[in-house]
Each structure stands twice: as C-alpha cells, then as structure tokens.
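S.K.: Once you've had a glance at the structure underneath, I'll fire off some questions.
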Amino acid sequence: MTKASVSKAMRSHGGCVIIPTYNNAGTLARVLTDVLEYAPDVIVVNDGSTDNTAEVLREFKDRADIVSYPRNRGKGYALKTGLTHARRRGFDYAITIDSDGQHRASDIPKMLQAVIEHPGALVVGARDLTKVDINGKSSFANKFSNFWFRVQTGRNLTDTQTGYRVYPLKHLHGLRMLTYRYEAELELLVFAAWNGVRIVSVPIDVYYPPQAERVSHFKPALDFTRISILNTILCVAAIVYGIPVRTWYYFRQKRAFNREWKFFTRKNGQPKPAAMTLRRLFRSLYALSFYLVSCLGVLTPLGVALFKFGRSNEKKRTRYHRKLQQVSRYIGNHLPAASPVKYINDKEDFRKPALIVCNHQSHLDLPVIMALYPKIVFLTNDWVWNNSVFGNMIRYAEYYPVSAGIDNLLPKLRDLRDRGYSIMVFPEGTRSEDCSISRFHQGAFHLARELELDILPLVLHGAGHVLPKLDFMLRKGDISIEVLDRIPYDPESPLTMLKQASRARAIIREAYNKTARRKENTEYFIPLVLYKYAWRGWKTVSECKRALRKADSYSMAIDHLPASCRSVAIHNAGVGVVPLLFALVHPDVQVTAYIESLEQYDVAVNTPHIPDNLHFIHTVWPEDAQSEADISFLLTDEGLLQPL
C-alpha cells in the first residue's frame, strides 16, 4: 500500500476529507499538506477564523475546496456545512480531521480501509488517551459522553468525542437537527446508531502538544451544561423514538436470526456439503417411505409368494424381474426432488446378454438401471446383499455379492447368461464423492472374457447430484442415463485386462463429460448453491437469493465462456454466489473472486465444500486486485457481469 494507491482508492470509493478549522493557522498548513498526500479531494471549512487562517488557505486554493463564512458558528455548524457541501459534490464518504494537529494524516489509510471493509459504516478513530497528557476535564468529558451514548443506544464505544471519523454521506441522519457546538459529534453518533448504521471503531495515533502550547476552544462550564441538556433530551428521545427505530432497522437490515443454524448446516461439528432444508427433509422422507413400502410391502411379499410356495421356474423369475423394472421405473419417474429420469437409447434392445458397465454415483443407480430392462442382474457389495430392508428382495432377483469370488460366481453367472440375463457391474467398485469417474478395476473385464460377453457401457449423470455419497437427503436435480454402443467380444483381442478397463473408462468418461458440458449450466447448479447458503443467517440467505434472482443477467457469461479460457477473475464478488456458480459450471477453470467487504468475505470463505478451483481474496487497495486472468468481470450492484 502506497500513498498513491490510497489516493486512488479514495477517489474510486467516492471519499473526501473535511477539515473544519477555527483559529488554527499555526498548524493548518502542515495538516493540509499531510492530508493532500493521501486524499485528492479536500474540503476546508473556515469557521469565521480571526487569525491569519485566510492567508494560509490562499496557498492551497488550487488543491483544496475552501468554504468560508465571516462569523464563528461553532464546530457543529462547520461539520454540517462541510458534510452538506460534500453531499452536493456527490461524495459517498467524508473523513473529518481536526486542524489542530492532534490527528495524523498517516492514519487515513486505516480509516479508509475500515470503510472499504465495512461499506456504509460510520468509522470512529478511537484515541488511546491513557498514553497522552490530557487534562482531567477533557478525560471526564469523554467518559461522561461514552456513558450516555451507551445508555441512549445500547452500544459501547471507547471514544465518542474524537473528531477523526468517516461519515457515510448517504446514511447520515439528523443532519438538519444538529446543534452548533461540540455536542454535534455526539448527536451524529446517536442518530446513526438509532437508524441502523454500523459504527466501527479503529485505533488511531494522537498527538497533544504541551499544555502551554495548545489551542483549545472547549469551554468547560458552558459546554458541560449544553452536553447535559442534550443528553437529557436524547435519553427521552431514545425511549419514544430511538428504541422503536432501532428495532425497525434490526429487522429491516435482517440482523435478526443472523446466525448459522448448525442443526441444519453441520454434522458432528463439520459443515455439510449442502444444508438440510425442510423441503429436502420432507421430500426425502416421502421418497424413503415410498421405497420402504415398495420393498417391504410389494417386492418382498411378492418374492415370498413366488419362491417360497411351489417350485421356482423361469416364468416366475421373469415375472419378478418385470415387477422390479416397473417399480424402478415408477421410482425414477416420481422422485420428489427430480425430473423423471431421461433414458437415452438409440438402438439397444438388451436381448443379447452383455456385461454392462457403468459409472457409479449414488444409491439411486440401481433402480435407474433396473428400469432399463427386466433381465439385468447386479453384482453387489456385502452391504447391499446383507441389507435388512431389501436383502431378501435382491436374493430373489438372483443378484450376487462380489465378495463370493469369481470362481464361485462363474457357474451361476453362466447360467444367468444362458437364460438371457445381462450382468451389471460397477467397475469403480465404489461411488465417488464429486461424481468424477475413478479407475476401473479389471475384474469386470475378466468376467466378460470368461463369459464370452460383449461389453455394454452405460453413462449415468445426475444421480450423484440428486443423492450424493456423503448425503442422505435428496437434492433438486435431474438424472439421465445413456446407453452407448457395445464393445463386441473378441477372443483374439491383444488388449490386456488393464487396457480393456482403461478403454471402457475412457469411452464412458468422454460421454459423461459431453453430457456434463451440455447439462451442467448455471440453472443446473442454482439449487446446490441455495443449499450451501441455507440456514447461515437471514441476511446471508437473502443476499444469496437476491444474487440468484438476477441469474438471467449473468448466466450467458457463465454458460458461454470461451473454451480456451483457463482462468477467470470476478471483482466485487459479494458473498461469493456468482464465483461459486462459475466454478461449479467450469471445474477446469481457475476462478478468483475479489471481495472488499470483510463481512461478505467471511461469508464466502466459510461456504461449505468450496470447489478446489475457486479462490476468494480479500482486497482493500487497488494493487490487491491485480489479476492476470484470461477474462475479468466486474459484478455490478444490478447483478450484471461487465467484462473488464
């Protein structure tokens, strides 16, 4: 951070410096010179000075905006004049600094940083008065003011008398009602607190010259009387006006219910990938109840009726498998969180047995694939085989556990093949957490060779998003399964089992990536983003929803990113909603999001399970946001992504 970058940041954030002065000609030139090194826009209010202040100001007339009037009206009047003038000139913030030399211009970066990190806040430069030589009357006045401010607003500040402040000009209240003396600064604080303006305290340095050299316009008896009268009025106003208005703003600014509801967002103290919402809970309970009824109330009793009484035969087996297909098809078409499963199959009729291989994503994979054709049997893991809910059902369907061993399974699988059944295997062996396709094991392809079966690849998409591995509640989404061309059995093939596994994986992964590029757009990931921000506080959820309501304005930029782009920078990224969508839609693109507001940055970086290609950076000064990204965007307050 340099003086030049501070000056640039002052201009870009609409900031100026206001210096009210009255008979401080001895220090004014030095104060102005120091301030102008940091601030390009300075307003000096000459409060009817009677010394040579006017001559000093003539030297700065080309570098500062000077406002003068002939009669001394008091600091409150000078502040009001300066703030009103700054508003008219279109500034957003005004830093006020005393002209007696007690404040250091070198603290302007601190004050400006607080403004950038806390937009819309009133920043108070808190002095450490224990380290300076200050008279007892001034010390008492400050403590006296701090006490009454706490009574009137419910907020605690260590220095309510400091003149080093940053005022948010668009959020100033009570400016017309200001008194004209020192107590005006307390009034501005009280009015701001009542009207929901955040007040941020920043430690600053302070210099007091020896007692004999000080110029002070504080009149203890008169000013204490004025402050006492004002505090009496403000205490009464706090009851009839302050408390109701504070309550109103407390809800209007969504500060109520603004903490994370950990019951919904965490499990064993760790953030969930997606929060549990009431809608997800009800959908999942409905789906679970239907599934249990189907298994325990339909398929298991049917299996008992068919196979426990009388002789088993192929007709009964076929009937049972057709019922499995019907129930699975119904489940796929009526998942409460998803659209009906889309089956993409141009020419395969499944009549010729094959070894079916598919990427593994979810517990939903089995019913989705079972709905394709009745004569498909699965090789399962032990958990499925021994499950108390559907274990009997899959045994009636002649599914077998992989743990039984290939040598023991081959005779049974040959029998199934001869009866027209295809064998379904998940070569990955386990589901991936992020829906990526893991390495294929060779066992499935050894089976294909031993059983002399074609290999039939399937590509499953969306099941791992609707019901992920680490989640047991349905998410909103849609599922599709595509049947690819067979890989014919070739007894003369020179390919090893490893090569065959790699080839099948490459075919499935290529088709999966093609489907992902087509389906995984901004609209596809909006539900997941909502789940990641749910139950993290009223204000956070509202900001997320507000950003998503404007998705149409930036979805084109996200969905049609040039294929050659490998890095994206997003400035003014808010709570991180748009960068998160960018990163989800384009997992191969590095997304860097720059956020100035400290509150928004904390929300963004604490979003659960941020993708590895998404990076949040807190910025204050212009050099903090320098980027070498292929494409840079500015997210405007209207929700538009403007290329930079």
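Each value in this text was obtained by applying a stated rule to the coordinates, not by laboratory testing. This one's a predicted model, so the numbers in the text were calculated from it and none came from an experiment. A quick note on method: Cβ atoms are made from the backbone with ideal geometry, for glycine too, and the neighbour counts reach across all protein chains shown.
S.K.: Restricting to the range 574-644, compute how many DSSP beta bridges are antiparallel as a %, nearest 5.
M.R.: Taking every DSSP beta bridge with both residues in the range 574-644, the antiparallel ones total about 40 percent.
S.K.: If the cut-off is a Cα-Cα distance under 17 Å, which lysines reach Lys352, setting aside same-chain residues fewer than 8 apart in sequence?
M.R.: Those lysines meeting the cut-off are Lys375.
S.K.: Would you mind calculating the gained length between Asp382 and His609 on full extension (0.36 nm times residue separation, minus the Cα-Cα distance), in nm to one decimal?
M.R.: Fully extending the segment from Asp382 to His609 adds 78.7 nm.
S.K.: For the pair Val151 and Asn195, how long in nm is the line joining their label points, each one 7 Å along Cα→Cβ?
M.R.: So the two model labels end up 2.4 nm from each other.
S.K.: Check which residues have an amide H placed less than 5 Å from Lys342's amide H, if you skip close sequence neighbours.
M.R.: Ile479, Ser480, Ile481
S.K.: List, in order, the whole-Hz ³J(HN,Hα) value for each residue of the range 309-321 obtained from phi through the Karplus relation with A = 6.51, B = -1.76, C = 1.60 and θ = phi - 60°; use x for Gly and Pro.
M.R.: Values per residue, Gly and Pro as x: 10, x, 7, 6, 8, 5, 4, 5, 4, 4, 4, 5, 5 Hz.
S.K.: Moving on. Of Lys323/Lys532; Lys143/Lys545; Lys316/Lys347; Lys3/Lys545, which pairs sit farther than 32 Å apart, going by alpha carbon to alpha carbon?
M.R.: Checking Cα-Cα distances, Lys323/Lys532; Lys143/Lys545; Lys3/Lys545 exceed 32 Å.
S.K.: Moving on to the next point. Which value at 222 nm does the chain reach when only helices count, each DSSP H run of 4 or more adding -39,500 (n - 2.57), with the total divided by all residues and rounded to the nearest 500 deg cm²/dmol?
M.R.: It comes out at -12500 deg cm²/dmol, rounded to the nearest 500.
S.K.: Let me ask you something else. Check cross-link reach from Lys80 to the lysines: straight Cα distance under 23 Å, and skip same-chain residues fewer than eight apart.
M.R.: Lys80 reaches Lys61, Lys170, Lys219.
S.K.: Within 12 Å, Cβ to Cβ, of Arg252, how many net charges do the neighbouring residues add up to if Lys/Arg are +1 and Asp/Glu are -1?
M.R.: With Lys, Arg at +1 and Asp, Glu at -1, the net is +4.
S.K.: HN-Hα J couplings of the range 456-467 from phi, Karplus 6.51/-1.76/1.60, θ = phi - 60°, integer Hz, Gly and Pro as x?
M.R.: 10, x, 10, 10, 9, 10, x, 4, x, 8, 6, 9
S.K.: Okay, moving on. Which aspartates and glutamates, on any chain, are close to Lys550 with Cα under 20 Å apart, when same-chain ones fewer than 8 places away are left out?
M.R.: Glu520, Glu523, Asp559, Asp637, Glu638
S.K.: Which cross-chain or sequence-distant (5 or more) residues have an amide H under 5 Å from the amide H of Ile570, H modelled 1.01 Å from N in plane?
M.R.: Sorted by chain and number, the residues that satisfy this are Thr592, Ala593, Tyr594, Phe633.
S.K.: Ok, one more. Note down the magnitude of the dipole of the range 3-252 about its Cα centre, charges +1 on Lys and Arg C-beta and -1 on Asp and Glu C-beta and zero elsewhere, to the nearest 20 debye.
M.R.: Value, rounded to 20: 740 debye.
S.K.: So, one more: Each residue of the range 446-452 in turn: what ³J(HN,Hα) in whole Hz from Karplus with 6.51, -1.76, 1.60 and θ = phi - 60°, glycine and Pro shown as x?
M.R.: Listing the rounded values in order: 5, 4, 4, 5, 5, 8, 6 Hz.
S.K.: Rank Met424, Ser553, Ser627 by how far each Cα sits towards the positive end of the charge dipole of the chain (+1 on Lys, Arg Cβ; -1 on Asp, Glu Cβ) and give me just the farthest.
M.R.: In the chain, that residue is Met424.
S.K.: Exposure proxy check: Val35, Val605 ranked by fewest other beta carbons within 10 Å?
M.R.: Details: Val35 21, Val605 15.
Listed from fewest to most nearby Cβ atoms, that is Val605, Val35.
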